[in-house]
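A.B. asks: Here it is: the structure, laid out below.
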Amino acid sequence: MENFEFYSPTCFAFGKETENKAGEYVKRFGGTKVLIHFGGGSAVKSGLIDRVKSSLDKEKISYTELGGVMPNPRSGLVYKGIELCKKENVDFVLAVGGGSVIDSAKAIAAGVVYDGDFWDFYQGKQIEKALSIGTVLTIAAAGSEGSPNSVITNENGMFKRGARGDALRPKFSILNPELTQTLPAYQTACGITDIMAHLYERYLTNTKEVEVTDRLIEALMLTLIHEAPRVIENPNNYDARANIMWTGTMAHNNSVGVGRSQDWNSHALEHELSALYDCAHGAGLAVTMPAVFTYQMEHDIMRFAQVANRVWGCQMDFAHPEVTAKTGIEALRNFLISIGMPRNFQELGAKKEDIPKLVDVLCNGDGRKGVISGFIDIDKDIAQKIYSLML
Ligand code: NZQ
Ligand code: ZN
């Protein structure tokens, strides 16, 4: 195991009706003037935004609001939010929504206290400070409610890039599984796929002897495999929703990823798909993961055979571990298809003729130096081969 520091200061408030405590939590963490940030309408329609406002009113905390965050959130609204926060002297950003809303809130929070262009952070500049952030989560997926990350699409070139910094970790996150019951089955499945990817991309490590985190990841994967069909069959199954929601947070606050190298090649290849086609991140991952894993299998067959055996219940074939490994990737693919996810470019709405463009932006776009590094290094030639496996 490698040396590590793990800092995860977020206070999680989990359970029914916890959104009514948003005001109390903002107060506890020092907020006096709040920006309520939300998406395209689901949180308004469900009455959630009104409940959050009431809880702020109860604590006599004033607020301003900015809605309209799109899935795969855009830089344009971030600039607007930064201006609004400066004008209104906002000191706390409250995101009410999914990963897109939370990531947009994080970008605003970092941009308000920075003199330069917030996009610098998405080109590698370290984030030292940000306004305090709180979240009320409405979809179990991205894990942004507990992560130090934010992913934004720059409309100037349509680059989808990530920024990172502990200052982006929310002060609190309110997790009420009931709020996810209004999700369409497709979005629920996209979320489950994203969580599975966050687990796989930590499992695929080049660090040896990391039994504790291997076993924790396996437990979370098994939970998803058990709960996914239950929640797809009955969207109002509170306990299944609750188990998936906490799995989503645990999968990405890095408690199960410490002390080990991680992969993230599937995410890198997927981000180019959701940037170009505006598909859901989870749907893109459903197509990306089996292709990336099939290509990466040779690099460490025993790792793929191990997850196949321990998580997917495949018979371990010690004489031919590549057979076990391959069967495990097939089991993952079948699981994703069973919850309604696309299996290839065509079902995702992606086009074969765009592969050169995807490869170019992945490896050289927005200042990149030609190689993506994860479980293996991916250059243009390899990226082209992997995208071709998705046809
Ligand atoms: O905009 P509204 O109307 O709210 O609709 C949203 C959106 O259309 C809808 N939705 C959310 N909660 C709902 C609901 N509809 C009905 N009932 C509810 N309770 O669902 C749609 C998708 O929402 P979005 O926030 O985009 O989903 P998700 O949480 O999957 O976030 C995806 C974004 O997060 C990024 C992705 O790249 C993508 O841009 N990621 C962020 C990460 C991070 N910050 O740590 C890590 C991830 O790997 C990921 O890359
Ligand atoms: Zn993700």
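The values are calculated or read from the model by the stated rules, or taken from the named source; none is laboratory data. What you see is a predicted model, and the numbers here were worked out from it, not measured in a lab. Virtual Cβ from ideal backbone geometry, glycine too; neighbours counted across all protein chains shown.
A.B. asks: Name the residue that is farthest from Asp377 (Cα to Cα), counting only residues in region 258-276 that are of a type in the set (A, V, I, L, M) and more than 14 Å from ligand 2 (Cβ to nearest atom). Steps first, please.
C.D. replies: To start, the set of residues in region 258-276 that are of a type in the set (A, V, I, L, M) comprises 258, 268-269, 273, 275-276.
Now narrow it down to the ones that are more than 14 Å from ligand 2 (Cβ to nearest atom): 258, 276.
On the way: Val258: 21, Leu276: 23 Å.
Here the answer is Leu276.
A.B. asks: Let me confirm something: among Val78, Val101, which residue is aliphatic (A, V, I, L, M), modelled with pLDDT of 95 or more, within 22 Å of Trp119 (Cα to Cα) and touching a Pro at 6+ places or on another chain (Cβ under 8 Å)?
C.D. replies: Details: Val78 fails: touching a Pro at 6+ places or on another chain (Cβ under 8 Å).
It is Val101.
A.B. asks: Something else now. Could you tell me whether Leu216 is out of contact with any helix residue (DSSP H, G or I) (no Cβ under 6 Å at 6 or more places or on another chain), within 21 Å of Glu201 (Cβ to Cβ) and not polar (S, T, N, Q)? Full working, then the answer.
C.D. replies: Values: out of contact with any helix residue (DSSP H, G or I) (no Cβ under 6 Å at 6 or more places or on another chain): yes; within 21 Å of Glu201 (Cβ to Cβ): yes; not polar (S, T, N, Q): yes.
When the stated conditions are applied, Leu216 passes them.
A.B. asks: So Ile82 clears everything in (1) assigned to a helix (DSSP H, G or I); (2) away from ligand 1 (no atom under 13 Å from the Cβ); (3) closer than 24 Å to Asp194 by Cβ except one condition, right? Which one?
C.D. replies: Condition not satisfied by Ile82: (3).
A.B. asks: Here's another thing I want to ask about it. Restricting the search to region 107-124, which residues are farther than 11 Å from Gly162 by Cα and either in contact (Cβ under 8 Å) with a residue 40 or more places away in the chain or of a type in the set (Gly, Ala, Ser) (or both)?
C.D. replies: Hits for region 107-124 are Ile108, Ala109, Ala110, Gly111, Gly116, Phe118.
A.B. asks: Another question about this same structure. Scan region 346-368 for residues that are within 20 Å of Gln262 (Cα to Cα) and free of Cβ contacts under 8 Å to residues at least 40 places away in the same chain and jot them down.
C.D. replies: First pass over region 346-368, keeping only residues within 20 Å of Gln262 (Cα to Cα): 362-363, 368.
Cys363, Arg368 - these are the residues of region 346-368 that are within 20 Å of Gln262 (Cα to Cα) and free of Cβ contacts under 8 Å to residues at least 40 places away in the same chain.
A.B. asks: Pick from Tyr203, Tyr186: which is touching a helix residue (DSSP H, G or I) at 6+ places or on another chain (Cβ under 9 Å) and buried (at least 20 other Cβ atoms within 10 Å of the Cβ)? Step through it out loud before you land on a result.
C.D. replies: Working: Tyr186 fails: buried (at least 20 other Cβ atoms within 10 Å of the Cβ).
When all the criteria are applied, what remains is Tyr203.
Residues are listed down the side, and each one gets a yes or a no for (1) surrounded by fewer than 22 Cβ atoms within 10 Å (Cβ to Cβ); (2) farther than 15 Å from Val136 by Cα; (3) not aromatic (Phe, Trp, Tyr):
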| position | (1), (2), (3) |
| --- | --- |
| Glu2 | yes, yes, yes |
| Glu5 | yes, yes, yes |
| Pro9 | yes, yes, yes |
| Lys16 | yes, no, yes |
| Lys21 | yes, no, yes |
| Leu35 | no, no, yes |
| Phe38 | no, no, no |
| Ser42 | yes, no, yes |
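A.B. asks: Give the residue, chosen from Val78, Val136, Val96, that is among the β-branched types (Val, Ile, Thr), under 14 Å from Arg169 (Cα atoms) and under 20 Å from the mean Cα position of the chain (by Cα).
C.D. replies: Details: Val78 fails: under 14 Å from Arg169 (Cα atoms); Val96 fails: under 14 Å from Arg169 (Cα atoms).
It is Val136.
A.B. asks: Condition check: closer than 24 Å to Ile382 by Cα, at pLDDT 95 or above and either under 15 Å from the mean Cα position of the chain (by Cα) or surrounded by fewer than 22 Cβ atoms within 10 Å (Cβ to Cβ) (or both). Does Ile301 satisfy that?
C.D. replies: Details: closer than 24 Å to Ile382 by Cα: yes; at pLDDT 95 or above: yes; either under 15 Å from the mean Cα position of the chain (by Cα) or surrounded by fewer than 22 Cβ atoms within 10 Å (Cβ to Cβ) (or both): yes.
In short, yes.
A.B. asks: Quick check on region 13-21. Is at least one of its residues touching a Gly at 6+ places or on another chain (Cβ under 9 Å), at pLDDT 95 or above and more than 16 Å from ligand 2 (Cβ to nearest atom)?
C.D. replies: The initial filter retains those residues of region 13-21 that are touching a Gly at 6+ places or on another chain (Cβ under 9 Å), namely none.
Scanning region 13-21 turns up no residue that is touching a Gly at 6+ places or on another chain (Cβ under 9 Å), at pLDDT 95 or above and more than 16 Å from ligand 2 (Cβ to nearest atom).
A.B. asks: What residue, of Leu35, Leu56, Leu94, is assigned to a helix (DSSP H, G or I) and either over 30 Å from Thr205 (Cα atoms) or away from ligand 2 (no atom under 16 Å from the Cβ) (or both)? Working first, answer last.
C.D. replies: Values: Leu35 fails: assigned to a helix (DSSP H, G or I); Leu94 fails: assigned to a helix (DSSP H, G or I).
Selected residue: Leu56, the only one of Leu35, Leu56, Leu94 that is assigned to a helix (DSSP H, G or I) and either over 30 Å from Thr205 (Cα atoms) or away from ligand 2 (no atom under 16 Å from the Cβ) (or both).
A.B. asks: Okay, next question. Thr10: within 30 Å of Asp214 (Cβ to Cβ), more than 16 Å from ligand 2 (Cβ to nearest atom), touching a residue at least 24 places away in the same chain (Cβ under 8 Å) and of a type in the set (Ser, Thr, Tyr), yes or no? Let's see the steps before the verdict.
C.D. replies: Numbers: within 30 Å of Asp214 (Cβ to Cβ): yes; more than 16 Å from ligand 2 (Cβ to nearest atom): yes; touching a residue at least 24 places away in the same chain (Cβ under 8 Å): yes; of a type in the set (Ser, Thr, Tyr): yes.
The answer is yes for Thr10.
A.B. asks: Where residues in region 118-177 are of a type in the set (D, E, K, R) and assigned to a loop (DSSP other than H, G, I, E, B), which of them is surrounded by the most Cβ atoms within 10 Å (Cβ to Cβ)?
C.D. replies: Of region 118-177, the ones of a type in the set (D, E, K, R) are 120, 125, 128-129, 145, 155, 160-161, 164, 166, 169, 171.
Subset that is assigned to a loop (DSSP other than H, G, I, E, B): 125, 128-129, 145, 155, 169, 171.
Numbers: Lys125: 16, Glu128: 12, Lys129: 11, Glu145: 30, Glu155: 11, Arg169: 21, Lys171: 18.
In this case the residue turns out to be Glu145.
A.B. asks: Would you pick out the residues in region 211-257 that are under 27 Å from Thr182 (Cβ atoms), more than 15 Å from ligand 2 (Cβ to nearest atom) and without any contact (Cβ under 8 Å) to a residue 40 or more places away in the chain?
C.D. replies: Matches in region 211-257: Thr223, His226, Glu227, Arg230, Glu233, Asn234, Asn237, Asp239, Ala240, Asn243.
Residues are listed down the side, and each one gets a yes or a no for (1) of a type in the set (Lys, Arg); (2) closer than 14 Å to Thr288 by Cα; (3) assigned to a helix (DSSP H, G or I); (4) modelled with pLDDT of 95 or more:
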{"residue": "Ala240", "(1), (2), (3), (4)": "no, no, yes, yes"}
{"residue": "Asn243", "(1), (2), (3), (4)": "no, no, yes, yes"}
{"residue": "Ala251", "(1), (2), (3), (4)": "no, no, yes, yes"}
{"residue": "Gly257", "(1), (2), (3), (4)": "no, no, no, yes"}
{"residue": "Gln262", "(1), (2), (3), (4)": "no, no, no, yes"}
{"residue": "Ala268", "(1), (2), (3), (4)": "no, yes, yes, yes"}
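A.B. asks: Given the options Arg343, Arg303, Arg310, Arg333, name the one that is basic (Lys, Arg) and either more than 24 Å from Gly284 (Cα to Cα) or free of Cβ contacts under 8 Å to residues at least 40 places away in the same chain (or both).
C.D. replies: Working: Arg343 fails: either more than 24 Å from Gly284 (Cα to Cα) or free of Cβ contacts under 8 Å to residues at least 40 places away in the same chain (or both); Arg303 fails: either more than 24 Å from Gly284 (Cα to Cα) or free of Cβ contacts under 8 Å to residues at least 40 places away in the same chain (or both); Arg333 fails: either more than 24 Å from Gly284 (Cα to Cα) or free of Cβ contacts under 8 Å to residues at least 40 places away in the same chain (or both).
Unique residue meeting the criteria: Arg310.
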